Every structure is written in C-alpha cells, then in structure tokens.
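A short write-up of the structure that comes next.
The values are calculated or read from the model by the stated rules, or taken from the named source; none is laboratory data. Fair warning: this is a prediction, and the values are worked out from it, not measured in the lab. In this analysis, Cβ positions are derived from the backbone assuming ideal geometry, glycine residues included, and neighbour counts consider all displayed protein chains.
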Amino acid sequence: MTNSTAVAHPNIALIKYWGKRDEALHLPTTTSLSMTLDVFPTETTVTLLDAGEDATTLNGAAAPGPFADKVSGFLDVVRTLAGDDRRARVDTVNSVPTAAGLASSASGFAALALAASNAYGLDLDRRALSRLARRGSGSASRSVFGGFAVWYRGEGTGAEGDLSSYAEPVDSALDAAMVVAVVDAREKTVSSRTAMRSTVATSPLYRPWVDSSALDLVAIRQALADGDLVTVGEIAESNALGMHATMLGARPPIRYLAPASVAVLDRVQQLRSDGIAAYATMDAGPNVKVLCARGDAADVDAALSEVAGVTSTRIARPGEGVQAR
Ligand code: PMV
C-alpha cells in the first residue's frame with residue numbers, strides 16, 4: 001500500500017516521563033503510565049512519492065520547518081526498517097493545539113507511526129509499533145494503546161534499550177474521566193526535550209524524584225486494578241507536582257505553571273474539601289488535567305470553567321489506541 005491513514009489520541013501521564021538516558025533512541029530514565037483520551041484526535045495520512053522530497057502539511061498548510069524536519073527524521077527510521085528509501089507526503093490534522101502541553105506530539109507520532117509503517121509495508125505488532133512511535137516522541141509509545149498504558153523504561157542503551165522499552169495496556173477497574181482545563185493554548189516557549197535535558201543535567205531534585213517514581217508506579221498499578229480512585233489520584237498529583245519541582249530546581253529554573261494553573265490547583269483542592277475526588281496533573285505547559293470519577297465530571301468541569309484565566313474546558317474519557325482508517 002502506498003497511501004495509509006491513521007488516527008490517534010493524546011494520552012496524559014499519571015506517572016510522568018521526564019528525562020532520557022539515551023537521547024537518540026528516546027530511552028527514558030523512568031517507567032511511566034498514562035490514560036489515553038477520547039478527545040483531541042490527530043489524523044495523519046502518509047502517501048509514498050515516486051520522486052521529490054518529503055512534504056509535510058499541518059492542518060492544511062505547509063508545516064513549519066522544525067515540525068517537518070522531525071517528521072522527516074522519523075520517516076528515515078521507518079525507511080531504514082522497511083529498506084525503502086522513497087520520500088513521502090505527510091498530511092496531519094491535529095484537533096488539539098500543537099505543542100501546548102496537551103500531548104499533541106503523543107497523538108501525532110502514534111498516528112504517524114501506524115500510517116507510515118502501513119504505507120511502507122511494515123507489518124508491526126502493537127509492541128513493535130509502540131517502540132517505533134517512541135522514536136518520534138517518547139510519550140507517543142503510550143498512545144498506541146487505549147485506556148491505561150504503561151511504558152517500560154527497559155534496560156541498557158542502544159539496541160538492547162530499544163528492544164526493551166515499549167508500552168503495553170494495564171488493567172484498570174476505574175470508571176474515570178479527565179477534565180482538561182486550558183489556560184493557554186499557545187505554543188510553549190521551552191520544548192520538553194530541552195527542559196528534560198536541563199533538568200537531568202542540573203536539578204539536585206531530579207534523582208529523588210526518579211527514586212520515588214519507581215515506588216509510585218508499583219502503588220498506582222495496584223490502585224488502578226483495585227479501582228481505587230483516591231489512591232490513583234493522590235499518587236498522580238504528587239508525581240506530577242514532583243516532576244514540576246525537579247524543573248523548578250533546575251539551573252536556570254524551568255517553570256511551566258502560570259498563575260491560572262495555580263488557581264486551578266487551588267480549585268481542585270477545594271473540590272476535594274467539598275467531597276469530590278478530583279486530582280490534578282500537568283505536563284510541559286500551563287494547562288491542567290483533572291482526574292475524577294465519570295459521575296463527577298460535569299461538576300468538576302463546571303467548577304474549573306469558572307476559574308479566572310481558564311479559557312476552555314473539555315471532558316475526556318478513556319479513549320482508543322491508534323487505529324488505521
Ligand atoms: O514525549 P515528549 O517528549 O513530548 O515528553 C512529554 C513529557 C510529559 O508530557 C511532560 C510527561 C509524559 O509522560 O507525558
């Protein structure tokens with residue numbers, strides 16, 4: 001097949017990926033765990049060309065240079081695997097604001113991994129597909145799967161690390177929702193790649209967070225299997241704020257939290273005081289995602305939409321893994 005389309009959704013980590021031990025292969029320092037959402041899909045079509053150069057569009061217009069370069073770099077990985085050096089046209093439509101800490105790189109590279117591997121005739125199982133998606137953006141490995149997914153750090157570097165670092169689904173008995181509170185949908189000023197590198201190199205708080213993350217992972221898997229929202233939420237919120245603490249400890253400091261993000265965190269705490277189990281998590285941007293029970297999602301959404309500085313909200317539920325169209 002020379003033309004293939006795939007759709008993927010973002011995922012939001014409850015146990016974060018922050019820091020690489022192998023930059024080239026995107027091998028992480030820690031194992032992470034996430035929920036794939038049912039909103040903000042990315043749809044990507046890859047068409048092989050008989051001549052010319054790679055050409056990438058984003059939302060119907062020529063993609064910015066750095067975006068197109070990342071896509072071509074990823075296609076090189078696929079071309080090497082397939083033994084086929086044809087160039088390709090890549091058309092991507094993102095319904096989530098790009099690069100605003102709303103996981104557009106996760107849905108983007110998961111969709112590209114499936115569309116490109118199908119277009120180039122690779123027949124990859126889901127594990128191999130998650131390893132391939134990882135090469136585009138680490139968190140994309142998890143968007144290959146629906147529901148909750150764990151991405152193993154794996155062991156070693158180079159080929160050994162590449163083989164052992166993949167994602168897979170995890171059991172969950174939670175009836176969960178996630179409310180996304182957008183406070184700023186503009187593109188972030190520091191990329192997660194740069195911020196991770198600087199945190200690992202300079203933050204004295206990084207190692208302790210890595211150590212506590214390993215314990216968080218074991219405990220959250222058990223709580224997910226038990227359907228224990230309170231424990232899942234408490235661990236997720238601590239893990240996320242701990243990640244942001246490692247960045248605040250970097251030199252110079254990196255701060256993604258905006259005043260409105262802090263206002264949302266306060267509101268979430270207030271919801272808990274009012275008896276609603278709601279827990280916040282944040283990524284490489286100022287937007288806040290709030291985990292809660294499905295039955296509480298409308299109330300949480302109403303509360304967050306009234307916080308000063310919140311420009312929009314969206315209720316998400318666990319969504320599907322990447323699919324061919
Ligand atoms: O996959 P990247 O390079 O966009 O890194 C994303 C890292 C976080 O979103 C901050 C955390 C995570 O695990 O998704």
Any hit, segment 147-167, residues being surrounded by fewer than 24 Cβ atoms within 10 Å (Cβ to Cβ), free of Cβ contacts under 8 Å to residues at least 24 places away in the same chain, in a helix (DSSP H, G or I) and hydrophobic (A, V, I, L, M, F, W, C): yes
The listed residue being of a type in the set (Gly, Ala, Ser) and modelled with pLDDT under 95, out of Ala284, Ala277, Ala297: Ala284
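Test Ala245 against the criterion of being of a type outside the set (Val, Ile, Thr) and either more than 16 Å from the ligand (Cβ to nearest atom) or at pLDDT below 95 (or both), and give yes or no. Explain how you work it out, then say what you get.
Details: of a type outside the set (Val, Ile, Thr): yes; either more than 16 Å from the ligand (Cβ to nearest atom) or at pLDDT below 95 (or both): no.
So Ala245 does not fit the description; no.
Which members of segment 168-179 meet the condition of being of a type in the set (A, V, I, L, M) and either surrounded by fewer than 23 Cβ atoms within 10 Å (Cβ to Cβ) or more than 24 Å from Ala133 (Cα to Cα) (or both)?
Answer for segment 168-179, where residues must be of a type in the set (A, V, I, L, M) and either surrounded by fewer than 23 Cβ atoms within 10 Å (Cβ to Cβ) or more than 24 Å from Ala133 (Cα to Cα) (or both): Val170, Ala173, Leu174, Ala176, Ala177, Val179.
Restricting attention to segment 96-127, and to residues there that are within 16 Å of the ligand (Cβ to nearest atom), within 20 Å of Pro169 (Cβ to Cβ) and at pLDDT 80 or above, which single residue is nearest to the chain's Cα centre (by Cα)?
Step one: list which residues in segment 96-127 are within 16 Å of the ligand (Cβ to nearest atom), which gives 96-113.
In the following step, the residues that additionally are within 20 Å of Pro169 (Cβ to Cβ) were identified as 103, 106-107, 109-111, 113.
Next cut, at pLDDT 80 or above only: 106-107, 109-111, 113.
On the way: Ala106: 5, Ser107: 7, Phe109: 10, Ala110: 10, Ala111: 13, Ala113: 15 Å.
The residue in question is Ala106.
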Residues (closer than 30 Å to Arg317 by Cβ and of a type in the set (A, V, I, L, M, F, W, C)) located in segment 146-169: Phe148, Ala149, Val150, Trp151, Ala167
Number of positions in segment 33-82 that are out of contact with any strand residue (DSSP E or B) (no Cβ under 8 Å at 6 or more places or on another chain) and polar (S, T, N, Q): 1
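Could you pull out the residue among Thr199, Thr194 that is touching a Phe, Trp or Tyr at 6+ places or on another chain (Cβ under 8 Å), assigned to a helix (DSSP H, G or I), within 13 Å of the ligand (Cβ to nearest atom) and among the polar types (S, T, N, Q)? Explain how you work it out, then say what you get.
Numbers: Thr194 fails: touching a Phe, Trp or Tyr at 6+ places or on another chain (Cβ under 8 Å).
Exactly one residue qualifies, and that residue is Thr199.
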Any hit, segment 92-103, residues being among the β-branched types (Val, Ile, Thr) and in a helix (DSSP H, G or I): no
Residue tally, condition closer than 17 Å to Ala176 by Cβ and part of a loop (DSSP other than H, G, I, E, B), over segment 202-233: 2
Extreme residue, surrounded by the most Cβ atoms within 10 Å (Cβ to Cβ), among residues of segment 266-295 that are within 13 Å of Ala236 (Cα to Cα) and aliphatic (A, V, I, L, M): Val288
Residues (out of contact with any Lys or Arg (no Cβ under 8 Å at 6 or more places or on another chain) and buried (at least 16 other Cβ atoms within 10 Å of the Cβ)) located in segment 246-265: Thr246, Gly249, Ala250, Ile254, Leu257, Ala258, Ala260, Ser261, Ala263, Val264, Leu265
Number of the condition not met by Leu33 [criteria: (1) out of contact with any helix residue (DSSP H, G or I) (no Cβ under 7 Å at 6 or more places or on another chain); (2) within 21 Å of Arg135 (Cβ to Cβ); (3) of a type in the set (A, V, I, L, M, F, W, C); (4) modelled with pLDDT of 95 or more]: (1)
Test for Arg251: is it more than 16 Å from the ligand (Cβ to nearest atom), in a loop (DSSP other than H, G, I, E, B), modelled with pLDDT under 95 and more than 21 Å from Val150 (Cα to Cα): no
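Go through segment 176-191 and give me each residue that's closer than 28 Å to Cys292 by Cα and outside any strand (DSSP E or B). Give the derivation first.
Initially, segment 176-191 is screened for residues closer than 28 Å to Cys292 by Cα, giving 176-188.
Of everything in segment 176-191, those that are closer than 28 Å to Cys292 by Cα and outside any strand (DSSP E or B) turn out to be Val183, Asp184, Ala185, Arg186, Glu187, Lys188.
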Criterion (within 15 Å of the ligand (Cβ to nearest atom), within 18 Å of Val77 (Cβ to Cβ) and either outside any helix (DSSP H, G or I) or free of Cβ contacts under 8 Å to residues at least 40 places away in the same chain (or both)) met by exactly one of Arg135, Arg131: Arg131
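So that you can scan it fast, the table gives a plain yes or no per residue for (1) surrounded by fewer than 16 Cβ atoms within 10 Å (Cβ to Cβ); (2) of a type in the set (A, V, I, L, M, F, W, C); (3) more than 25 Å from the chain's Cα centre (by Cα); (4) in a helix (DSSP H, G or I):
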site	(1), (2), (3), (4)
Glu53	yes, no, yes, no
Ala68	no, yes, no, yes
Val71	no, yes, no, yes
Phe74	no, yes, no, yes
Thr80	yes, no, yes, yes
Asp84	yes, no, yes, no
Val90	no, yes, no, no
Residue under evaluation Ser238, criteria (1) in a helix (DSSP H, G or I); (2) touching a Gly at 6+ places or on another chain (Cβ under 9 Å); (3) not hydrophobic (A, V, I, L, M, F, W, C), criterion not met: (2)
